[in-house]
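Below you'll find the structure, written out as structure tokens, and then a few comments.
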Amino acid sequence: MGKKDEVSSEFLEALEFRGVKRRDFLKFCGATAAILGLTELHVPKIAAALESAAKRQPVVWLNFASCSGCTEAFAKATYPGPADVILDAISLEFNETLSAAAGNQVHEILEESKKKGGYILIIEGGIPTKKGFGFIGKNEMIDEFKEMAGPAAAIIAIGSCATDGGVPAGKPNPAEIIGVGPAMKKLGIDKPLVNLDLCPCHPEYLVGVVVNFLLVGKLPELDSLGRPVMYFGHNIHDNCERRAHFDAGRFVEKFGSKEEADMYCLYKMGCKGPMTNSLCPKIQYNGKTSWCIKAGGPCIGCAERNWVDKFAGFYQPLPNVKIPGLKGVEFGADTLGAVAAAATVAGVAIHTLGTKAAGRFKGHDDGGDK
């Protein structure tokens, strides 16, 4: 490991002072490397990048129309988790929820950041476009966004409220709330944008994007919706621990049932996993202990655009889900169950006929049936 990749003893001592052990910090760097698709050889580089980050990369985090759930998830992440590392590793110049400042003091901080520029601008929450529906101080939210987006080096929309308006933009959407991307297009803002969908966004998604930016000086590979492929290039249904039950036609049809206790597939209970892309089953929440489906709730599809209206009726099954291995024909859950049952009956019948045939051949060899 070269000198530039070494973590200083002062930095490690500062972490120790906060109760973060060197071993835990390096484990976190290893986990981040895995998320980014890098080998363990990159762990020292990630650690060094995190140490030097505070000296070079300011962050401004603005909260618009949302419940601030992404901030809460981020701030309460358990170590080795993003909150401790990021708060030590970058200069978080402003976050309304975490800030001790208020009133005019807030605007002074934002004005100072705007003058310096070069920050990563994180937006949490949808942006009201109808006048009078959202303010930061005396400024309309959309005007505040325009002012702060100008000097930013890049913009990250964190959570589904920021990417497409989320819950606040659900019908009838009286405030005419839109996501960051549409707002940029409306205002003529041309800046690099990363969309981190989910409600709330997983804290490590944000860490991965920031670390990628620090390591290579650019944003990660994005899909057609501006989301990091490393997180949103994986179908939840394909990685679900209940997938085998789906393939076998075993479904929960009532909460509190034996099928639910046996962890059968939640598709009939409205699970939107087959139409949702996110790394949730692998990365999990709450200290990597669980996630929605593992906890017993169906996926509501919050990683997908316009999920609030598109997937409304969260406990109603999706129609026409394509079942692998059935010649590309689309089946609903009921059809799949019937097909699986019919296949089982057919299998038993074939086995029985086969057994009888074997018996007849055997009887014939022995001189005939008895």
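The values are calculated or read from the model by the stated rules, or taken from the named source; none is laboratory data. For clarity, every value in this text was computed on a predicted model and none was experimentally measured. Don't worry about glycine lacking a Cβ; one is built from the backbone with ideal geometry, like all the others, and counts go over all protein chains shown. Keep in mind that these areas ignore ligands, DNA and RNA; they rest on the heavy atoms of the full protein, side chains included. Shrake-Rupley method; radii C 1.70, N 1.55, O 1.52, S 1.80 Å.
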Label-point separation (nm) for residue 185 and residue 294, each offset 7 Å from Cα along Cα-to-Cβ?
3.6 nm
At a 1.4 Å probe radius, which order do 211, 229, 43, 167 fall into by accessible area, largest first?
167, 229, 43, 211
Estimated FRET transfer efficiency when R0 is 56 angstrom, pair residue 143-residue 248 (beta carbons, to 0.05):
0.50
Just the accessible area for residue 133, please: 1.4 Å probe, Å², rounded to the nearest 10?
100 Å²
Heavy-atom accessible area per residue of the range 100-171, all protein chains kept, 1.4 Å probe, expressed in Å², is 42 Å²
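So which of 27/254; 115/186; 45/282; 21/146; 138/288 end up more than 32 Å apart by C-alpha?
Working: 27/254 41 Å; 115/186 24 Å; 45/282 24 Å; 21/146 41 Å; 138/288 41 Å.
The answer is 27/254; 21/146; 138/288.
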Simple spin-label model, 7 Å along Cα-to-Cβ: residue 260 to residue 39 in nm?
4.8 nm
